[in-house]
Each structure stands twice: as structure tokens, then as C-alpha cells.
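Following: one structure in C-alpha cells, then a few remarks.
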Amino acid sequence: MSTTVLPDYSGGGIVNLLQSIGVACGATPTHPAYAQCHALPAAQLAAARSIVCIVIDGLGEQRFNAQHPNARDCPNLARHRLGGLTSVFPSTTASAVGAYMTGLAPAQSALIGWRMYLQEIGQTLAILPLTPRCEVAKHTPAELPPLLFDHPSFFSRLQRPSVVFSPRAIAASPFNVWHTRGAEVIAYGSADEMFAGLVERMHAPGPPRYLYAYWGDLDTAAHQAGTDSELARATLAAFDAAFGRFLAAAAGSDAWVVASADHGFIDAPKERLIALDEHPDIVGLLERPLCGERRVAYACVAAAQRAEFAAKLRQRFGHALDLQHSADLIAAGWYGNAPAHPKLASRIGDFALVMKDDWTLVDWQPGEKRHDMIGVHGGISAAEMRVPLIAVRL
């Protein structure tokens with residue numbers, strides 16, 4: 001049985017880290033204002049000429065536990081770990097990297113998972129590539145950001161010049177272009193290339209600056225092969241070695257280097273995957289296919305059918321999931337502090353299906369390409385929710 005962890009927005013989460021960075025960089029305030037990170041306040045960061053934030057997609061804090069079998073894979077990162085932070089809810093890239101790129105909790109960004117039903121266009125999209133699920137697209141991805149997003153980027157709110165280092169495959173995607181407004185964007189092809197670019201900017205003369213870098217290879221490896229697979233271990237070890245070389249090359253640059261993650265991971269056994277499409281009596285009660293993630297799914301159900309839907313879900317799958325009223329999760333602050341974005345309620349539907357332990361849920365649609373996924377995230381287990389906080393003053 002796994003320990004569950006809810007997001008901390010009071011000073012111990014990634015949103016609070018962004019608040020510290022934002023205040024240190026003279027960001028225009030947002031409403032509501034979030035507390036600064038207790039472990040790394042803005043005054044401490046502001047003393048450096050450069051603030052560098054590196055997001056390691058999928059790096060859970062459990063890898064730094066001395067009892068973890070792979071604890072020795074990242075000695076350079078471990079050497080500078082201050083402690084841990086929580087991710088946001090749900091603990092997934094769209095919501096959590098969304099926080100790094102907006103400075104907002106999901107309550108304010110309304111970025112609530114991989115698949116999102118978007119009332120304003122009447123379609124469900126995979127939100128990062130901005131592509132529809134089993135439907136003909138009504139808009140090109142390039143047309144969608146101004147229709148779907150009304151938040152500023154984090155970088156556009158800062159008084160320091162910003163540079164974003166992004167993998168070449170996604171640097172020019174419409175989602176990234178929208179969320180990096182106000183920053184210079186540099187596309188890179190490898191971790192070494194990313195670190196070389198950071199070092200160059202850290203040593204360059206000029207005004208104080210903010211440098212943000214995103215690295216996603218560990219996430220890809222864990223999804224494909226599992227969190228503790230040889231592929232994931234080798235991927236992280238190579239990055240850690242590159243991180244060590246980076247710190248040596250950046251020495252004396254008058255910088256704070258802060259590294260963290262968007263979420264951690266668990267492995268999902270095939271025998272604990274619920275295929276909801278095999279239960280037509282339940283699927284028939286849905287107004288549209290599920291949204292969200294394999295670990296947290298959102299269901300839209302007509303008012304007259306909600307009691308039946310809830311009864312059937314709890315009776316059949318109560319061992320594997322907690323069925324929550326989505327509005328209750330907003331009220332309880334799972335997505336962040338009030339007031340919430342006006343689009344949030346429509347994007348999380350009527351019910352949230354929060355998976356227990358290592359259970360997952362899919363609802364394959366006719367004609368949809370099916371794929372296995374060994375490593376997963378999005379839920380509220382400690383392994384998914386806890387991420388490291390690494391900080392080095394150079």
C-alpha cells in the first residue's frame with residue numbers, strides 16, 4: 001500500500017519555489033499570491049546575478065532515499081539536495097511544467113492533465129501537442145493558444161531578462177511558444193548542449209538574468225521501460241555526470257542553480273489496469289470519453305445519471321479508485337488556492353477518479369491506437385508527488 005501525499009501550496013511545493021524565483025526577479029504579482037518556498041526564499045536567490053532553474057522531468061525524491069536500490073545513480077545531484085517539495089495536483093507534466101512556465105497553480109492556470117475537454121472549442125485535446133483524441137481537428141495547433149489560454153507566461157512577468165533552454169523537438173511547438181513569451185528560446189539537442197548553453201550565458205557579461213532549462217529524457221525512459229529499469233538508470237546517471245561537469249564549468253559565475261522536477265513515478269502492472277471500455281454499462285453513462293490521466297481521470301455525467309454512475313463505480317472498482325466529486329477537490333484546495341480560474345470546473349468534469357496504490361485506468365475508443373505504459377504518474381502517491389529540491393550557490 002502506498003502513502004498518499006497532497007500538494008503543499010503553503011511553502012513546500014513547486015509553486016512556492018516559483019514564487020521565490022518570481023519575487024527575486026521582480027515579477028509582477030498574481031492573485032492569489034502564494035507563499036515563498038520555505039527552504040529557498042527570494043532574498044537568498046536575489047543576491048545572485050543569475051538564477052538558473054533546471055526541471056528534470058520525472059525525477060522523484062524517492063531516488064535520493066539511501067534505502068532506494070538506485071540511490072547511487074545521481075551523486076552530483078544528491079550532494080546538493082536541500083530537501084523535497086511536492087508537485088501540484090495532478091502530478092503530471094501538463095499541470096506541473098505548466099506551473100514552471102506560468103508561475104501558477106493549476107487552480108489558476110486551469111492546466112489539469114494530459115487530456116483536457118475544452119468547452120470553448122467543444123473538443124478534447126492532448127494539451128501539450130494540442131491535438132484532438134479520435135476526432136477531426138477543428139483548429140490547427142498554432143491557432144489554439146489564444147483561444148484556450150489567458151494567462152501570461154512566467155517569463156513575461158519578470159524584470160530580469162529570461163532565456164529558456166528547450167529540447168529541439170518541442171521548442172517551437174505552439175504550446176511552448178505561447179508559454180515562453182517574454183523569453184529568448186534556445187533549442188538544444190542533448191543535455192551536454194543544454195549545459196554548455198547555460199554556462200555560456202552564466203559567464204556572459206550583462207544584467208542579472210533568469211535562465212530556465214527543461215530536460216525530458218528521464219520521463220521518456222521511465223514511461224517506456226519503467227522507473228527502475230536499466231534504461232532509466234543509465235539515462236539519469238548520464239545526466240548526473242553532465243550536471244557535475246556543468247557545475248565545475250559554471251564555478252565563479254555568481255549564480256544560484258536550482259534543480260527540481262515536475263513529478264515522480266510509479267510502475268503500473270498490466271494486471272492492475274482497468275479498461276473501462278470493457279464495461280459498456282458504465283461507459284454508457286458518460287457524456288463524453290474520460291479526460292485527464294491514467295492515474296487521475298475526469299468523468300462528465302448527466303445530472304440524472306450521476307447517482308447510478310457513482311454507485312456502479314464504487315461497487316465495481318472501489319478497491320482500485322476513490323471516486324471524488326470534482327467540485328469538492330477545488331474546495332479542498334487540491335488544485336491550489338482560491339479563487340479558481342472560471343474554466344477550471346468545466347475542465348475537470350463532475351467526478352475525479354483518483355486511482356489507489358498502483359492501479360491505472362484507460363477507456364480506449366474505437367479505432368484508437370493502444371499503447372502500453374510501464375511508468376506512470378499523475379496520482380497522489382508519495383512516489384509521484386514528492387520531488388527533490390537541489391540548490392547550489394556558485
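Values as computed for the structure displayed
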quantity: Glu384 outside any strand (DSSP E or B) and in the same structural domain as Ala255 (by TED's automatic domain parsing); calculated: yes
quantity: Qualifying residue in the stretch 375-389 (condition: out of contact with any helix residue (DSSP H, G or I) (no Cβ under 7 Å at 6 or more places or on another chain), of a type in the set (Lys, Arg) and at pLDDT 95 or above); calculated: no
quantity: Yes/no for Gly216 being surrounded by 17 or more Cβ atoms within 10 Å (Cβ to Cβ) and either in the same structural domain as Thr93 (by TED's automatic domain parsing) or closer than 14 Å to Val52 by Cα (or both); calculated: yes
quantity: Any hit, the stretch 185-199, residues being assigned by TED's automatic domain parsing to the domain that holds Val258 and touching a residue at least 60 places away in the same chain (Cβ under 8 Å); calculated: yes
quantity: Residue check for Arg245: modelled with pLDDT of 95 or more, over 30 Å from Tyr188 (Cβ atoms) and assigned to a helix (DSSP H, G or I); calculated: no
quantity: Filtered residue count, the stretch 120-155, keeping only those that are assigned to a loop (DSSP other than H, G, I, E, B) and in contact with a Lys or Arg (Cβ under 7 Å, 6 or more places away or on another chain); calculated: 3
quantity: Single residue of the stretch 1-13 satisfying the filter (of a type in the set (Val, Ile, Thr) and touching a helix residue (DSSP H, G or I) at 6+ places or on another chain (Cβ under 6 Å)) that is farthest from Ala338 (Cα to Cα); calculated: Thr3
quantity: Candidates Ala250, Ala261, Ala213, Ala242 - the one that is out of contact with any Leu (no Cβ under 8 Å at 6 or more places or on another chain) and either of a type outside the set (Lys, Arg) or closer than 24 Å to Glu384 by Cβ (or both); calculated: Ala242
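Here's the yes/no breakdown for (1) over 21 Å from Asp57 (Cβ atoms); (2) modelled with pLDDT under 95; (3) outside the structural domain of Ala297 (by TED's automatic domain parsing):
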| site | (1), (2), (3) |
| --- | --- |
| Pro90 | no, no, yes |
| Ala94 | no, no, yes |
| Ala107 | yes, no, yes |
| Ile127 | no, no, yes |
| Lys138 | yes, yes, yes |
| Phe154 | no, no, yes |
| Pro161 | yes, no, yes |
| Ala172 | no, no, yes |
| Asn176 | no, no, yes |
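The values are calculated or read from the model by the stated rules, or taken from the named source; none is laboratory data. Worth saying up front: this structure is predicted, and the values here are computed from it rather than measured. So basically every Cβ, Gly included, is an ideal-geometry build from the backbone, and we count neighbours across all protein chains shown.
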